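See below for the structure under consideration.
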Amino acid sequence: MQNDGEQIAGQYLRMQAKRLLFVAVLSVLILLLAVGSTIIGSAGLTFGEVFAAVLAGIFPGMFSADPLAFTIVWDLRLHRVLFAVVAGFGLAVAGAVMQGVLRNPLASPFTLGIASAATFGAAIAIIFVPTALSGEIALVISAFSMSALAALAIYGLSRYRGISAESMVLAGIILMYLFGAMTSFLQYTGTTEQLQAVVFWMFGSLQNTSWEKLALVSLVVGVATPLLVWRAWDLNALGMGDQVAQSLGVKVEQTRTLHMMVASLITASIICFTGTIGFIGLVSPHITRLAIGGDHRYLVVASGFVGALILLGADSLARTILAPQIIPVGIMTAFIGIPFFLYLFMRQKEEYW
């Protein structure tokens, strides 16, 4: 018995070390890619110029930097790079939570209608609000409001049938098609310029990021993620089935609703600024689960690191492949996500949970 206990303890320690190593490697890769993403561009900045500009911005008066390099780093590139990290982290966390709550490997903010609702909200602002009044503020408010409305609708529809994983998935699919149809109708009735604006928003982009937007999204993700990690044991229990979770003292309906609402809030706060960026919330949890297992105490945060790396890498590719043209990052994430998901489909033969 003692040998068995020591063996189990050894396996646990090895798994913990593997998880820490996984997060450490991801952190280093994100840091290196962030530095590279800040350097690359038509201006031809060097690492020394970028480093000096960053120090001059953080410690004004103590360090000096080339004015052009300072402007490029702080006004154009650095907030975009950091926004990609935070947005990728948040979308992946939301995807991991939704998959865990619904026990569905296909669950994500985009397969449950949240993104479709945001697109519909953006289309309303683009088509019906006069250009002089709309600007970016009306678009963001409309997209966020529709995303929040979709989350409430999922809750309301599923509550009518009893808040179960199946009812939430069905409600999300219904809303996805509904908002998709309404967006198509608005596109059909809009002008050519309005149609182009809606389509471009649907591509997803990080071109309109700013320090203010970064601060707002960071606040939402920074507050929501610890809450989700704190309730990670409940997600682990739900993964064993509703009856098992209830026997362990988990309030299933309350837990499912809370996690879905928080994940939807994270998603809405991001995509209202970026447009539709797919596959991050769908693929990142799969990669993480293959690497470190399905314990949500670690899966939620580690998925965030994977999502940050994927979105930052996709944005770096989007800015360099056809430079000086910038490909919308939503297109790049699809190109990255589809082959990996096909690999998972061909490789995975056993039950997912």
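The values are calculated or read from the model by the stated rules, or taken from the named source; none is laboratory data. What you are looking at is a predicted structure, and each value in this text was computed from that prediction instead of being measured. Cβ: placed from backbone, ideal geometry, glycine included. Neighbour counts: every protein chain shown.
In the range 66-87 there is no residue matching the filter, namely being under 16 Å from residue 272 (Cβ atoms), part of a helix (DSSP H, G or I), touching a Pro at 6+ places or on another chain (Cβ under 9 Å) and modelled with pLDDT of 85 or more.
Residue 111 passes every criterion in (1) part of a helix (DSSP H, G or I); (2) within 24 Å of residue 199 (Cα to Cα) apart from (1).
Residue count for the range 155-190 satisfying the condition of being among the polar types (S, T, N, Q) and within 23 Å of the chain's Cα centre (by Cα): 1. Is it the case that residue 15 is surrounded by 13 or more Cβ atoms within 10 Å (Cβ to Cβ) and more than 21 Å from residue 320 (Cα to Cα)? When the stated conditions are applied, residue 15 passes them.
Residue 90 falls short on exactly one of the conditions (1) of a type outside the set (A, V, I, L, M); (2) within 30 Å of residue 167 (Cα to Cα); (3) not in a helix (DSSP H, G or I), and that condition is (3). Of the helices (runs of 4 or more DSSP H) lying entirely inside the range 178-292, those carrying at least 3 residues that are touching a residue at least 60 places away in the same chain (Cβ under 8 Å) and farther than 30 Å from residue 78 by Cα are 232-238, 252-274. Beta carbons closer than 9 Å, at least 6 apart along the sequence or on distinct chains, never pair a first residue in the range 119-131 that is closer than 15 Å to residue 276 by Cβ and outside any helix (DSSP H, G or I) with a second that is modelled with pLDDT under 90 and among the aliphatic types (A, V, I, L, M).
Residues that are surrounded by 14 or more Cβ atoms within 10 Å (Cβ to Cβ) and among the hydrophobic types (A, V, I, L, M, F, W, C) within the range 56-75 comprise 56, 63, 65, 69, 70, 72, 73, 74, listed in sequence order.
Among the residues of the range 285-298, some residue qualifies, meaning at least one is in contact with a helix residue (DSSP H, G or I) (Cβ under 8 Å, 6 or more places away or on another chain), within 27 Å of residue 209 (Cβ to Cβ) and of a type in the set (A, V, I, L, M).
The set of residues in the range 323-333 that are in a helix (DSSP H, G or I) and surrounded by fewer than 18 Cβ atoms within 10 Å (Cβ to Cβ) contains only 331.
Restricting the range 308-346 to residues that are among the hydroxyl-bearing types (Ser, Thr, Tyr) and within 19 Å of the chain's Cα centre (by Cα), which is farthest from residue 280 (Cα to Cα)? Going through the qualifying residues, I end up with 316. The listed residues are 53, 94, 34, and the only one of them that is surrounded by 15 or more Cβ atoms within 10 Å (Cβ to Cβ), in contact (Cβ under 8 Å) with a residue 60 or more places away in the chain and more than 30 Å from residue 180 (Cβ to Cβ) turns out to be 34.
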